[in-house]
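Rule-based calculations on the coordinates, nothing more; no lab input. Treat the numbers as computed from the prediction; the structure is a model and nothing was measured. Here the Cβ positions follow ideal geometry from the backbone for every residue, glycine too, while neighbour counts run over all protein chains shown.
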Amino acid sequence: MSQVELNEIKQVYEEADLLFTAEQVDGAISEMADKISASLKDQNPVVFCVMNGGLVITGQLLTRLDFPLEASYLHATRYRNTTSGHALEWKVPPMSAFRGRPVLIVDDILDEGHTLVEIMEHCRREGASEVYAAVLIDKRHDRKAVKGLKAEFTGLEIEDRYIFGYGMDYKGYWRNAPGIYAVKGM
């Protein structure tokens, strides 16, 4: 990356609007964990982190789930470090056995939901007894892949803006931002 491009990445962060502080996100993750624990504690689920975006939320969520579970990951993407989606690409399919067991898919954001829908359909086709979704952010708009698409477990809802932080990126950067930020003008 050139210095000009790196300066743009830094400028995006400096000018961004803070939508949720780290403390607010932490509270939302705790509430999600309580709801997931109440729903899945007796079901022996497999929890799949959707890489790379789901890494932060999954890591913080797992330590708050107080029941036996098997944790794994998968990597499917439509963005490839850009700001718009393409066809789904499986980089790493689900590798833990889950036939006959419930599956919880954990991801950073439910925007349009094409990736999440395809992952969930894949798990159903491969024999999961139930498939649930947990997302840190649900973006409010009417462009969902499936009308009325909602995750079973949601941390926060936001307006329709381009956001980053807590696993969500801007051109591959700022997944590590300590809050949820919206890019100025997007």
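Using the count of nearby Cβ atoms within 10 Å as a rough guide to exposure, how do Asp111, Asp34 rank from fewest to most? Intermediate results must be reported in sequence, preceding the final value.
Values: Asp111 25, Asp34 14.
With the fewest neighbours first, Asp111, Asp34 line up as Asp34, Asp111.
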**Lys/Arg +1, Asp/Glu -1 at C-beta; the chain dipole; positive extreme among Ile109, Ile119, Gln3** = Ile119
**For Arg99, Arg161, order by how many other beta-carbon atoms lie within 10 Å, fewest first** = Arg99, Arg161
**Fill in**
For region 90-186, the charge dipole (Cβ of Lys, Arg +1; Cβ of Asp, Glu -1; about the Cα centre) points to a positive end, and the Cα of Tyr173, Leu136, Gly100 closest to that extreme belongs to Tyr173
**Fill in**
What helix-only [θ] at 222 nm does the chain give? Using -39500 (n - 2.57) per DSSP H run of at least 4, over all residues, to the nearest 500, the answer is -9000 deg cm²/dmol
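Quick one: of the DSSP bridges fully inside region 21-160, what percent are antiparallel, nearest 5?
10
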**Request:** Give a residue-ordered list of calculated ³J(HN,Hα) values for region 117-124 (Karplus: 6.51 cos²θ - 1.76 cosθ + 1.60, θ = phi - 60°; whole Hz; x for Gly, Pro).
**Result:** 4, 5, 5, 5, 5, 4, 5, 5
**Prompt:** Label-point separation (nm) for Leu62 and Val146, each offset 7 Å from Cα along Cα-to-Cβ?
**Reply:** 2.7
**Message:** What does the C-alpha gyration tensor say about the overall shape of region 21-160? Classify as rounded when a/c is under 1.5, otherwise prolate if a/b is larger than b/c, or oblate.
**Reply:** oblate
**Complete:** Per the rule of 0.36 nm per residue minus the C-alpha distance, extending Glu89 to Thr21 adds in nm 21.3 nm
**Fill in**
Note on the chain: contact order normalised by length, alpha-carbon pairs under 8 Å, 6 or more apart, percent, works out to 26
**Request:** Assign unit charges at the C-beta atoms only (+1 for Lys and Arg, -1 for Asp and Glu), then state the dipole size of region 21-160 relative to its Cα centre in Debye, rounded to the nearest 20.
**Result:** 480
**Message:** Using a Cα-Cα cut-off of under 29 Å, which lysines could be cross-linked to Lys147, ignoring same-chain neighbours fewer than 8 residues away?
**Reply:** Lys35, Lys91, Lys139, Lys171, Lys184
**Item:** Ranking of Ile29, Ile158, Ile57, Ile36 by count of other Cβ atoms within 10 Å, fewest first
**Value:** Ile158, Ile29, Ile36, Ile57
